[in-house]
Each structure stands twice: as structure tokens, then as C-alpha cells.
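J.: Sharing a structure with you now.
Quick note: the coordinates plus some simple rules give every number you see, no bench work behind them. Nothing here was measured: the structure is a model prediction, and the numbers come from that model. All Cβ positions, glycine included, derive from the backbone under ideal geometry; neighbour counts span all protein chains shown.
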Amino acid sequence: MCDQTFMAATFGPCESCGKPSPLMNIYIKNEAINYCSFCVELMACQGLQSGESVASLKRECESLKKKLEEERGKLNDVELHQVADKIEVLGALAIKTRRVLKGHGNKVLCMDWCKDKRRLVSSSQDGKVIVWDGFTLSKENGISVPCTWVMACAYAPTGCAVACGGLDNKCSKAVAMHTNYVSGCTFTNSDNQILTSSGDGSCALWDVESGQLLQSFHGHTADVLSLDLAPSETGNTFVSGGCDKKANVWDMRSGQNIQSFESHVSDINCVKYYPSGDAFASASDDATCRFYDLRADREVAVYQKDSVIFGASTVDFSLSGRLLFAGYNDYTINVWDVLKGTRSSILFGHENRVSRVRVSPDGTALCSASWDHTLRIWA
Amino acid sequence: VLVAPTRMSSKSASSLAQARRTVQQLRIEARINRIKVSKASSDLMRYCSEHAKYDPLLMGIPASENPFKDKKPCAIL
């Protein structure tokens, strides 16, 4: 009998036959079932006997999807930008480049701010990870990572450590091991846990000390390109976005996918929570950024313009959540009025794609990373 | 009528499991409590207006308070 290949996040004793093997982690009626692939097949055969079939499940699937659409539609009594009509239009923003950070030898793929609001870390296709002082432009530290395309880097909450990951499928000295590239990583509220997203379609939570997998998150049907942790006041959830055009919200403790949004028409490159934690924004190859409210469970705004035809790779909110900074493949950063849905301003300066934008922890500046080998600080 | 269990290939076993998983997931999502967009919108707007004055990029803060902005040279009289 030929076994199928599947991605196993855990290895252990099968809950049905007891033999140690790679386990398929599935949920049946809200219960987690960790069986080896042989026992899953047996169970599926028994399921067939009771009259269930793939066809009948598919029908139920379609009717549930329709029901979801209806429920969501009933609450769509007004559009966000209509409610926002009564507030004043934003004045012109006086934001320009204040610093240009040069030092990387190739495309800068990712950056993150330290909580001290002045240091930042950046990673590049040249395999280097550099820690900068944003005020003085001095390079405090630089390390070489033994792989190219270091796609993700993150600063630890205490400022004492940096994590990075990329094409070597690992995050920092094999704390996290995926079966495909690591696209994003972030520390949770302590230096001891890291959350990663991967080209293997999953997200995972790891213990930094032991490298142990604490929880895995399955549900995306293609590469996961980005993730963001909910602001600490709102609890243990995070959002992820990927090549299956879906943005999923997850419960970190149970591993459960609690909400899912599919309105983009191409890969989602980046997801970011709104500062209150009640909403999030996404950037996509379909040249739009979208805004989803979690309590209304639907998309509430689309940020797009006929003149904006290149994919958006990254988004971040200003401190109050009123502005959305989005970096595009046409080398610009568009600043959107989140509530009114209009573009407030465009930031020019980079000479190649913008790969990442991040607002500093105290909101005083925006840092952008680009394929033009530089980072810029705007204020 | 007795239905003899058919020999299933590995592929159909996994698509059955996959279909079950999808239905399970949709059942969970269908059950969540949702609020109206009008209520959600006004809450988002309230958050923005309450925090607007603390948003340096939105309000613009003077160069003296922003370490990234260059201060004007001061003339010594």
C-alpha cells in the first residue's frame, strides 16, 4: 500500500494504534485527532460506510459558505468611508526622508525596530543582518547568516536579541525548523517564544531555549508570507496572510483558525493589526490594500487607485491608526487615510521596490527597506 | 441494503479528511457573533480621534521634539 506524503508537524504515538509515527493533526467535531496516516485512512473508510461521502461533505461546505456570506451581508448596513464623511479631511503631511542607511550589499528584505525607538535591525539578500542606531546611523552590530535571502528579522522585546530566518528554512540557529523557507518571524511578548510563518503553508510557535515546537497552525493551502501578533491588550491571537489569498486569524493556545477572510485576488504579502486590535490591514500583489474589521467579520475598506497598478508588499499603521503606510513594487510608499479610504500622500525616494515599512514604537518615524540596498527613515 | 466497504485509495482517504476539516472549520466560522459595520466603523473612528493627538506622523511635531528631524542651527549672539 502506497502512503501519501503530508507535512507532519508532530511525531509521536498514534492516538489510535499507539505506534510512533509522523502524525496528521486534524480536527473532527472540535476535537483534535492525532492519528498516523494509516489510521486516518481506516477512519475514513469507516466514515464511508455510514453513508458520508466527499460529495455530501462538499455540498455541506457550499451551503455553509453561502450561509456565511448571508450572515456577513446582513450586518453590512453602511460603508466605513460613509461613516467617516463627517470627519475633517487630513491636512498635507510634512513627511520626508531624514536618514538614508547605507551598508547592505544587496536587496534589503526586512527590518524591525527595537523597543528603545532608536535601534533597528535589517536583513538582506547578501546574508547580512545589521543592527543600526537610527539617530546616528552607526552600525552597532553586523552578523553573517549562512544563507542568502534573509527574508525575516525581528527584534526581541528586551532589545537583547534578534531573530532571523529565510531560505535555509530555519529561524536563528535552528530554533524553528520548517520544511520550506521562513517568510516571517516575530517574538511574542517575551524573549522566550517566537512565532514563524513559512513557505510550507504553516505557522508555528517555538520555545527559543529548547527549540521545541509549542503549537502549529494549519489551514493555509499555500505559502504563508506574513504574520502579525495582536496588540497585547487584546489577547493571544495573531493574523497570517499568504499565497492562497486568504488572511487567517488564529488562537495561539489552541492552534485553532478562528476567522478567515478571502477578498484579495492575488497573494497577500503582508498583514498588520490596527492599533486597537479590532481590525487589520493587508497588502497584496493585486495592487490593493484592504482593511478588515474582526468584530464585523468582513472587509470594510479597499485602498486602491487606477494609477496604482503595482503590487503592494508591506503595510503599517501610524500610532492612532488614522494613516496606513504601504510600500509598493513601483518604488513608492502611498499614505492612505484609513477611515476615508483616500490617498493622503506619496513618499518618493527609493530606487527600487519597497520591501518593508515599519512605524517606530513611539510613532515619531517611519522606516522603509528597499531592494535598492538602502533603508530610509521618514519623519 | 448492505453496502460493502469499497477499497479506498490513499488519495480519496485524504480528500475525505480534507473535506471533513473544511466543513468543521466553516461550522466554527459560521457560529461567531458579529456586529454591524456601522457600530464597528464608529468604534474605529473613535479610536482614531482619541489617539490622534499622540500621533506624531499625523500631527507633525516640531523638530526640537523629534530626534530624527534636524534642528535649526542656533545663532550665538
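J.: When you check A:L101 against the structure, is it in contact with a strand residue (DSSP E or B) (Cβ under 6 Å, 6 or more places away or on another chain) and surrounded by 15 or more Cβ atoms within 10 Å (Cβ to Cβ), yes or no?
T.: yes
J.: Still on this structure, please answer the following. Look through the stretch A:100-136, keep the residues that are part of a loop (DSSP other than H, G, I, E, B) and small (G, A, S), and return whichever of them is nearest to A:I377 (Cα to Cα).
T.: Within the stretch A:100-136, the match that is nearest to A:I377 (Cα to Cα) is A:G134.
J.: Could we say that A:S276 is within 19 Å of A:R322 (Cβ to Cβ), of a type in the set (S, T, N, Q) and within 14 Å of chain B (Cβ to nearest Cβ) here?
T.: So A:S276 fits the description; yes.
J.: Scan the stretch A:225-266 for residues that are surrounded by 18 or more Cβ atoms within 10 Å (Cβ to Cβ) and either among the basic types (K, R) or more than 22 Å from A:A9 (Cβ to Cβ) (or both) and jot them down.
T.: A:A230, A:K245, A:K246, A:F261, A:H264 - these are the residues of the stretch A:225-266 that are surrounded by 18 or more Cβ atoms within 10 Å (Cβ to Cβ) and either among the basic types (K, R) or more than 22 Å from A:A9 (Cβ to Cβ) (or both).
J.: Further question on the same structure: Of all residues in the stretch A:83-107, count the ones that are out of contact with any Asp or Glu (no Cβ under 9 Å at 6 or more places or on another chain), at the interface with another protein chain (Cβ under 8 Å from one of its Cβ atoms) and not charged (D, E, K, R).
T.: Counting residues in the stretch A:83-107 that are out of contact with any Asp or Glu (no Cβ under 9 Å at 6 or more places or on another chain), at the interface with another protein chain (Cβ under 8 Å from one of its Cβ atoms) and not charged (D, E, K, R) gives 5.
J.: Now, a different point. In this structure, does A:T342 turn out to be within 22 Å of A:S122 (Cα to Cα), surrounded by fewer than 24 Cβ atoms within 10 Å (Cβ to Cβ), over 22 Å from the mean Cα position of the chain (by Cα) and of a type in the set (S, T, Y)?
T.: So A:T342 fails the test.
J.: Also, quick follow-up: So which residues in the stretch A:306-320 are closer than 24 Å to B:Y54 by Cα and either without any contact (Cβ under 8 Å) to a residue 24 or more places away in the chain or part of a strand (DSSP E or B) (or both)?
T.: Those that are closer than 24 Å to B:Y54 by Cα and either without any contact (Cβ under 8 Å) to a residue 24 or more places away in the chain or part of a strand (DSSP E or B) (or both): A:T314, A:V315, A:D316, A:F317.
J.: Oh, and also: Does A:A296 satisfy the criteria of being among the aliphatic types (A, V, I, L, M), in a loop (DSSP other than H, G, I, E, B) and buried (at least 24 other Cβ atoms within 10 Å of the Cβ)?
T.: yes
J.: Of all residues in the stretch A:53-75, which are loosely packed, with under 15 Cβ neighbours inside 10 Å and either touching a residue at least 12 places away in the same chain (Cβ under 8 Å) or closer than 30 Å to A:S344 by Cα (or both)?
T.: Answer for the stretch A:53-75, where residues must be loosely packed, with under 15 Cβ neighbours inside 10 Å and either touching a residue at least 12 places away in the same chain (Cβ under 8 Å) or closer than 30 Å to A:S344 by Cα (or both): just A:G73.
J.: A:L323 - would you say it is within 12 Å of another protein chain (Cβ to nearest Cβ) and within 22 Å of B:E50 (Cα to Cα)?
T.: Yes.
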